[in-house]
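Let me begin by presenting the structure, written as structure tokens, before commenting on it.
The values are calculated or read from the model by the stated rules, or taken from the named source; none is laboratory data. All values reported here derive from a predicted model rather than from experimental measurement. Positions of Cβ are generated from backbone atoms using ideal geometry, with glycine treated the same way; all protein chains shown enter the neighbour counts. Accessible surface areas use protein heavy atoms only, side chains included; no ligands, DNA or RNA. Shrake-Rupley method; radii C 1.70, N 1.55, O 1.52, S 1.80 Å.
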Amino acid sequence: MLRAVRRLREEFRFNGYVHMKVIPGADQALIDRAGLWADRVSVNIELPTDKSLRLLAPGKTKATVLGPMSRLARKISASREERGVILSSPVYAPAGQSTQLIIGATPETDREIIKLSEALYDKMRLKRVYYSAFVPVSKDSRLPRWRNRRCCASTSLSGRLAAALLRLHGRRAAG
């Protein structure tokens, strides 16, 4: 992926938007290079709690997701500081970083999801937390039943609530 994006930038002079995803557990050197070629870099957190990750995404842990996010946040911040002193310094991930949460697959409440999102915005300096509704594609017993309204509808973050959170965050960041 990095070679392809580098070629796009250097050989083909592509100056359009490039968004790269970092896979938890990826080599740190690869993560460091991703932000040099991409406009935005993201690490998908997928699920709101470590318990949910263990259940539905056992290959991921909170630490394996937050580690690369933290590293990206530090690199983005350092790049901005350096550009304040040396204008010719390369810009690292100029559009920042984002993440994605799957909502409704596990029983976390809106409050837990909002607390996590707010912490990610504040501590990791994310530009956006994307919310995706859970849609079952298999009948795995660990997954909630689609028609189980109590699990999948009432505890999931609604689109209106997500929009309100984003507006709130935007106002705070601008003020």
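For residues in the stretch 35-45 being in a strand (DSSP E or B) and open to solvent by less than 20 Å² (accessible area, probe 1.4 Å), which is farthest from LYS75 (Cα to Cα)? Across the stretch 35-45, the extreme among qualifying residues is SER42.
Can we say PRO90 is more than 23 Å from PRO58 (Cβ to Cβ), modelled with pLDDT of 95 or more and not small (Gly, Ala, Ser)? So PRO90 fails the test. Taken over the stretch 1-34, the criterion of being more than 13 Å from LEU72 (Cβ to Cβ), of a type outside the set (A, V, I, L, M) and either open to solvent by less than 30 Å² (accessible area, probe 1.4 Å) or in contact with a Pro (Cβ under 7 Å, 6 or more places away or on another chain) (or both) is satisfied by GLY16 alone.
Would you say GLY25 is out of contact with any Lys or Arg (no Cβ under 7 Å at 6 or more places or on another chain), under 21 Å from ILE103 (Cβ atoms), modelled with pLDDT under 90 and not basic (Lys, Arg)? When the stated conditions are applied, GLY25 does not pass them. Restricting attention to the stretch 99-124 and to residues that are more than 17 Å from LYS60 (Cα to Cα) and among the hydroxyl-bearing types (Ser, Thr, Tyr), the residue that is most open to solvent (accessible area, probe 1.4 Å) turns out to be THR109.
Looking only at residues in the stretch 46-87 that are more than 30 Å from ARG142 (Cβ to Cβ) and assigned to a loop (DSSP other than H, G, I, E, B), the one that is least open to solvent (accessible area, probe 1.4 Å) is ILE86. Per the listing SER98, SER132, SER117, the residue uniquely among the small types (Gly, Ala, Ser) and not in a strand (DSSP E or B) is SER117.
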